[in-house]
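The values are calculated or read from the model by the stated rules, or taken from the named source; none is laboratory data. Values in this document were obtained by computation on a predicted structure and should not be read as measured data. Cβ: placed from backbone, ideal geometry, glycine included. Neighbour counts: every protein chain shown.
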Amino acid sequence: MNGTVHVHHKVHRDVVFPVVNAIILILLMFITVYPVLNTVAYSFNDGTDALRGNIGLWPRVFSLKSYESILQDKAVYQAAWISASKTVIITILNLFWTGMLAFTLSRKEYVLRKFITTVMVLTMYVNAGLIPNYLLISKTLGLSKSYWVYIIPTMFSCFNMIVIRTYITGLPDALVESARIDGAGDIRVYWQIIFPLCMPVLATVALFVAVGSWNSWFDTHLYCAGQKALHSLQYLLKMKLATTQASANAAKTSADALKSTTQTTPITIRCAITVISTVPILVVYPFLQKYFVTGMALGSVKG
């Protein structure tokens, strides 16, 4: 009898937990997805109607005026090219330099690895501030008003180096030792053995770097505000939003201006800008998601 009761409770527990877990995860998914869908709904809604609020997951009065207002500006496409090109270049160079240095500092036979690591980690805690950084980049290096101001200062990341180095140190030493016995040098060991095994962490770092580069606008504001050909997409969209907000404020005192802004309002422009700036990263993410699985080296060395 006791055995039957015990089995009954076990079956009940095995059924209840998955159900409760699924309900909680569905609720969390809805809480996470709802703001995104609500933003998309606002972006496709008529501006004046959006001022009433209470728009859920679907536009109440469908309109493409917000997107037309943004995309009809030819400068948007030039800015998109600047953002896309610098994001690709920064991501590749950051992974290249950061990965190779991480491998170097992960080698126990390198006598200066602790000293260099300590010095680099200190730079994460001790920062001179915005003004010295601006003077270094614009005056000393002379990168202001240049496309290279986006590239050179971001080619390396100390934090990413620590992350990659930690991952490399977790790989079996026998992999490197066996390669050295076969006569492989450090460069060949890194590119043919370590690099393929580091795909999960490299993909994660690549996504972080790409998102940071794509979303950055303050560097444009500091160094390239007067160079329209070097404006990034985020900076241009920010200026577009500021202009729309100023127009809306002016429209409050003019009936004619109010009529001219009935199709778009700051809230619909802001949501449309959010969608436009987010879509490229959402497109890239699925291609990197398959690498977000650790333990690729498990089982690569037997015994």
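Some notes on this structure:
- Enumeration of residues in the range 151-169 that are surrounded by fewer than 16 Cβ atoms within 10 Å (Cβ to Cβ) and either outside the structural domain of residue 108 (by TED's automatic domain parsing) or in contact (Cβ under 8 Å) with a residue 40 or more places away in the chain (or both): 155, 156, 169
- Pair list, Cβ < 8 Å and 6+ apart or interchain, from the range 128-150 residues that are farther than 16 Å from residue 226 by Cβ to residues that are surrounded by 13 or more Cβ atoms within 10 Å (Cβ to Cβ): 141/152
- Cross-chain or 6+ apart pairs with Cβ under 7 Å, the range 213-229 first and in contact (Cβ under 8 Å) with a residue 12 or more places away in the chain and of a type in the set (D, E, K, R), then part of a helix (DSSP H, G or I) and crowded, with 18+ Cβ neighbours inside 10 Å: 219/149; 219/150
- Test: residue in the range 78-87 that is within 15 Å of residue 153 (Cα to Cα) and either surrounded by 12 or more Cβ atoms within 10 Å (Cβ to Cβ) or small (Gly, Ala, Ser) (or both): yes
- Residues of the range 140-183 satisfying the condition of being of a type in the set (S, T, N, Q) and touching an Asp or Glu at 6+ places or on another chain (Cβ under 9 Å): 154
- Residue match in the range 119-137 (condition: assigned by TED's automatic domain parsing to the domain that holds residue 219, within 18 Å of the chain's Cα centre (by Cα) and not β-branched (Val, Ile, Thr)): no
- Flag for residue 90 being surrounded by 12 or more Cβ atoms within 10 Å (Cβ to Cβ), more than 16 Å from residue 276 (Cβ to Cβ), in the same structural domain as residue 215 (by TED's automatic domain parsing) and not basic (Lys, Arg): yes
- Inspection of the range 285-302 identifies at least one residue that is modelled with pLDDT under 85, part of a helix (DSSP H, G or I) and farther than 30 Å from residue 176 by Cα.
- Of 182, 186, all but one fail to be over 30 Å from residue 283 (Cα atoms), acidic (Asp, Glu) and either in contact with a Leu (Cβ under 6 Å, 6 or more places away or on another chain) or surrounded by 13 or more Cβ atoms within 10 Å (Cβ to Cβ) (or both); the exception is 186.
- Residue 136, sole failed condition from (1) touching an Asp or Glu at 6+ places or on another chain (Cβ under 7 Å); (2) within 27 Å of residue 222 (Cβ to Cβ): (1)
- Taking the range 19-47 as the range and being in contact with a helix residue (DSSP H, G or I) (Cβ under 9 Å, 6 or more places away or on another chain) and either part of a helix (DSSP H, G or I) or in the same structural domain as residue 217 (by TED's automatic domain parsing) (or both) as the test, the residues that pass are 36, 38, 39, 40, 41, 42, 43, 47.
A quick yes/no check of all residues on (1) under 18 Å from the mean Cα position of the chain (by Cα); (2) in a helix (DSSP H, G or I); (3) polar (S, T, N, Q):
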| residue | (1), (2), (3) |
| --- | --- |
| 53 | no, no, no |
| 69 | no, yes, yes |
| 77 | no, yes, no |
| 97 | no, yes, no |
| 108 | no, no, no |
